[in-house]
Amino acid sequence: MHGEARMTAPLATIRVARAFGPVVEGEAVVSTEGFSPRYDLDRWTGLISKPGHKLEGTNIRDKILFFPTAKGGIAAGWAFFDLKHKGIAPKAFVFGVTNPVMVQGAVFAGIAITEGCDPHPAAVVRTGDWVRVDPARRVIELLRRGA
């Protein structure tokens, strides 16, 4: 399936203002709530664990995560690297607005990260869709709809 997705034209394209990291493809997880690796995540399991978070119980491993904002940030520098080392990191973070500490943490861990999207991801992508994040081209492509 992975090779087949590359042969077809994307269903939709989101342009991003800023991006860094490797090209990655994966399942989208779309949130209407912001994200903090310190307060929202169980860093041993990769589950969103904050009670009441809109993604509570969702595993972030190998996902393309869409969040409107980054919350906090001081923990991101070590937390993202720790997630990568444990094998439970996401493939990419797609933020509407982030901060320098989150960017630094993602770069340090080798996780793709973007900021600023047009159009708004929620208008294009749903949880379960398959997407490609291409930081060098500053695009996110919807490759296929989820089941």
Ranking His53, His120 by Cβ neighbours within 10 Å, fewest first, what do you get?
His120, His53
Which of rounded, prolate or oblate describes region 53-121 when judged by the alpha-carbon gyration tensor and an a/c cut-off of 1.5?
oblate
Helix 76-86 axis, angle to the chain major axis (alpha carbon atoms, nearest 10°):
70
What are the ³J(HN,Hα) couplings of region 105-114, residue after residue, when phi is run through the Karplus curve with 6.51, -1.76, 1.60 and θ = phi - 60°? Round to Hz, x for glycine and proline.
x, 5, 4, 4, 8, x, 9, 4, 9, 9
If the cut-off is a Cα-Cα distance under 17 Å, which lysines reach Lys86, setting aside same-chain residues fewer than 8 apart in sequence?
Lys63
For Gly34, list long-range residues whose amide hydrogen, built 1.01 Å from N in the peptide plane, is under 5 Å from its own amide hydrogen.
Thr69
For the chain, what is the mean residue ellipticity at 222 nm derived from helices alone (per DSSP H run of n ≥ 4: -39500 (n - 2.57); sum divided by total residues; nearest 500 deg cm²/dmol)?
-5000 deg cm²/dmol
Among (i) 35, 18, 13; (ii) 29, 15, 13; (iii) 23, 16, 15, the entry that matches semi-axes √(5λ) of the Cα gyration tensor in Å as calculated here
(iii)
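Each reported figure results from applying straightforward, stated rules to the coordinates on display, with no laboratory input. Note that the structure is predicted; figures quoted are calculated from it, not measured. So basically every Cβ, Gly included, is an ideal-geometry build from the backbone, and we count neighbours across all protein chains shown.
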